[in-house]
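Worksheet: one structure, shown below.
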Amino acid sequence: MELDKIKMLLDKYFDAETTLEEEQVLQDYFSSNEVAIELQEYIPLFNFRKIERDIEFNHSLPKRGNQGLYKWFAVAASIAIIGGLFLFNDIKNEPELGTYEDPQVALQKTKDVLNMVSFYMNQGQENLEYVSEFGEVTNKIIKTP
């Protein structure tokens, strides 16, 4: 009966449907000396924790000697970037607003700008005529009420 239960648990284990308690039952069974002959191939699979726990790492890792040097390069690069931003950037406290002393010149420049805006607005509205024609044709085809 126990062998049937272990086989059923193995099937569930390979389908990834076992609980932690059922996996512990399998580990206990395969760590015992009473494993059936047809199931002995699964012993290493369930005793991996016991086997891996005994392995120790005895090698030494190489030391990184230039790590401090790279940190100083990073600091120097940061300082160079910040210095470049201050040196090549125009430092002006007063933004240029485009003001004019003469009111007539200001009026003429304002008219020029408004004419330019009007021109581009009218040019954009000409393209919208095609959209309205497309809407009318679509309504005729679909026959909306």
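Here are a few things to note about the model shown:
- Residues (in a loop (DSSP other than H, G, I, E, B) and exposed (fewer than 11 other Cβ atoms within 10 Å of the Cβ)) located in the range 1-20: M1, D15, A16, E17, T19
- Verdict on I55 being open to solvent by 100 Å² or more (accessible area, probe 1.4 Å) and either of a type outside the set (D, E) or without any contact (Cβ under 8 Å) to a residue 60 or more places away in the chain (or both): yes
- Filter result (outside any helix (DSSP H, G or I) and surrounded by 15 or more Cβ atoms within 10 Å (Cβ to Cβ)) within the range 21-41: V35
- Residue check for L45: at pLDDT 80 or above, under 30 Å from Q27 (Cβ atoms) and surrounded by 10 or more Cβ atoms within 10 Å (Cβ to Cβ): yes
- Scan of the range 34-52 for residues that are touching a residue at least 12 places away in the same chain (Cβ under 8 Å) and of a type in the set (D, E), ordered by number: none
The values are calculated or read from the model by the stated rules, or taken from the named source; none is laboratory data. None of the values given here were measured: they were computed from a predicted structure. Glycine gets a Cβ as well: all are built from the backbone with ideal geometry, and neighbour counts include every protein chain shown. For accessibility, only protein heavy atoms count, side chains too; no ligands or nucleic acids. Shrake-Rupley method; radii C 1.70, N 1.55, O 1.52, S 1.80 Å.
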